[in-house]
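Worksheet: one structure, shown below.
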Amino acid sequence: MRVLGAAETREADARTIAAGTPGIVLMERAAEAVARECVRAIATVPLRGERVVVLCGTGNNGGDGFGAARLLRKSPVTGEVTVLLAGVRGKVSGDAAEMLRRLENEGTSVAEVEAVADLEPLRQATLVVDALFGTGLSRPLEETSLHAAAVRLALCRRAFVVAVDVPSGLDSGSSRSDVLHVRADLTVTFGFPKRAHLEAPAAGSCGRVVVADIGLLPVAGSVGAPEVVTSRDVAGFFPWRPAAAHKGSFGTLGVVGGAWGMAGAAALAARAAFRCGAGKVVVVAEEASRAAIHALVAEATTSALLAPAGLTALAIGPGLGTSTSARALLDEALASGLPAVFDADALNLFEGRPELLQGRSVPTILTPHAGEASRLLGIPTTAVVADAEGAATQLARRSGATVVLKGFRSVVADPEGQVVRVLSGNPGMASGGSGDVLTGVVGAFLARGLTARDAARAGAFLHGLGGDLARERVGEEPLVASDVVDALAEAIRVVCESTLS
């Protein structure tokens with residue numbers, strides 16, 4: 001899916017309306033998407049529903065907010081719903097005015113904000129819907145304005161914040177964040193992602209990004225506009241399971257790792273693989289680690305030897321170590337002819353020679369972080385961070401493998417030169433074991449028969465989405481890799497539901 005700028009977004013709206021879909025219908029669909037995600041956030045932490053404040057501007061973004069407020073007032077999970085209009089009622093026009101009329105006709109009082117004191121409900125809010133500006137803002141907020149005061153109150157971190165289209169204060173077509181703006185926990189955008197959702201530092205203020213399908217017709221993106229992976233790109237990888245399916249129908253993944261003292265890494269990969277639908281998982285680990293792995297992953301079997309018979313893919317590296325025996329296991333894996341994902345110590349054992357993977361005729365994926373990529377490429381880590389897409393493309397070309405370069409908005413590059421960014425993930429995932437979870441997720445997709453490109457894109461997105469959902473449940477600071485594994489089931493449900501929006 002292509003990233004659109006503000007001008008292309010307006011063009012998509014105009015084309016869709018000209019083709020026969022009324023603007024009010026698009027606004028109703030947008031409001032439904034916002035309300036749906038608010039309800040999901042409240043279901044995760046019910047206290048968020050106690051005092052909901054919907055902060056609306058006078059433009060179309062405010063119209064989305066009025067519609068969402070109408071739906072939230074009818075929801076059984078919300079308590080008090082307060083609607084604030086940051087502006088003069090007479091300036092609300094078009095479809096937004098109709099949404100305001102519908103809301104007030106159902107008995108909701110909409111309070112005009114005329115002074116800072118009128119923003120007091122924001123101080124006590126447990127959930128804030130930010131519907132001030134959306135994609136229409138292209139200049140910084142005036143520091144002394146009521147809009148700026150509203151944004152400051154929304155930044156108090158007491159409430160869970162849901163932004164409509166783009167957090168207010170940010171320019172949707174820019175990565176700039178050195179301006180006063182809302183920092184959202186969740187952003188619901190419509191039809192297509194925007195540059196602010198993708199590029200740091202602005203993207204760091206968007207939280208989890210939901211791209212809701214409201215029926216916009218496609219338009220040509222800007223020349224050179226990046227492509228991103230979203231829920232709707234991944235949903236097709238989870239078809240209905242046949243009634244006669246058995247565990248062998250969904251592949252058997254061999255996780256190669258789990259050296260002494262690192263059993264947890266292999267266990268995390270195995271747990272993640274099961275959560276992503278692998279039929280069976282065999283962990284190949286040192287004898288001393290196998291009892292711990294059984295205790296951590298009751299569903300898995302273990303082996304001290306790599307026996308490729310019966311396996312459909314390999315995940316090599318979680319807790320593998322760099323010993324002589326580890327190197328021997330890596331050589332066996334390379335010789336097995338099985339689809340494989342390589343991570344962690346497996347990457348270090350290549351010793352800066354990604355060309356060792358050239359010539360593999362089966363799906364092959366590398367999942368390095370910036371430091372591992374720098375060692376493989378023989379360039380400084382700072383160079384990898386400065387040009388993640390270039391580094392991932394170079395590594396894919398040199399290795400002949402598909403590359404997932406991990407980081408905020410991870411990059412997926414394949415040997416044919418196609419590059420996409422992953423529209424999921426957050427800084428709370430920067431902790432030990434997170435990469436092992438990704439290895440298991442990607443390995444599960446390979447075991448189920450996906451191509452390297454599809455397994456890498458789907459795995460990287462689902463891993464990031466699991467992290468985003470886990471953050472909404474436990475917070476960013478205490479987030480650990482096990483939380484991501486536990487959230488994968490919900491992530492799959494969210495992905496599958498995305499085709500219904």
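Every read-out reported here was derived from the displayed coordinates using simple, explicitly stated rules and does not represent laboratory data. What you see is a predicted model, and the numbers here were worked out from it, not measured in a lab. A quick note on method: Cβ atoms are made from the backbone with ideal geometry, for glycine too, and the neighbour counts reach across all protein chains shown.
A simple spin-label model places the labels of ALA18 and CYS156 4.6 nm from each other, with each point 7 Å out along Cα-to-Cβ. Applying 0.36 nm per residue to the separation of ARG102 and GLU299 and subtracting their alpha-carbon distance, the gain on full extension is 65.6 nm.
By DSSP, what percent of the beta bridges with both residues in the chain are antiparallel, rounded to the nearest 5?
Working: 7 of 56 bridges.
The antiparallel fraction comes to roughly 10 percent.
Per-residue 3J(HN,Hα) values for segment 248-260, derived from phi via the Karplus relation 6.51 cos²θ - 1.76 cosθ + 1.60 with θ = phi - 60°, read x, 6, 10, x, 10, 9, x, 9, 9, x, x, 5, 4 Hz in sequence order (x marks Gly and Pro). Amide H contacts of GLY191: ALA212, ASP213, ILE214, each under 5 Å away and 5 or more positions distant or on a separate chain (H built 1.01 Å from N in the peptide plane; Pro and chain starts excluded).
Seen against the Cα atoms of the chain and their longest principal axis, helix 23-44 is set at about 60 degrees.
Close amide H pairs (under 5 Å, H built 1.01 Å from N) link VAL256 with VAL284, ALA315, ILE316, GLY317, residues at least 5 positions away or on another chain.
Would you mind getting me the FRET efficiency between TRP240 and SER75? Use the beta-carbon distance for r and R0 = 30 Å, nearest 0.05. Please report the intermediate quantities before stating the final value.
Working: r = 30 Å, r/R0 = 0.99.
The computed FRET efficiency comes out at 0.50.
The distance between label points at ARG123 and GLU50 comes to 1.6 nm (points 7 Å beyond Cα on the Cα→Cβ vector). Residues of segment 6-49 falling in the label zone of ALA220, defined by backbone nitrogen less than 18 Å from a point 7 Å along Cα to beta-carbon, are 6-16. Using Cβ point charges alone (K and R +1, D and E -1), the dipole size of segment 186-263 about the Cα centre works out to roughly 200 debye.
Between THR144 and GLN358, what is the spin-label point distance in nm, taking each point 7 Å from the Cα along the Cα→C-beta axis? Between THR144 and GLN358, the label points sit 6.6 nm apart.
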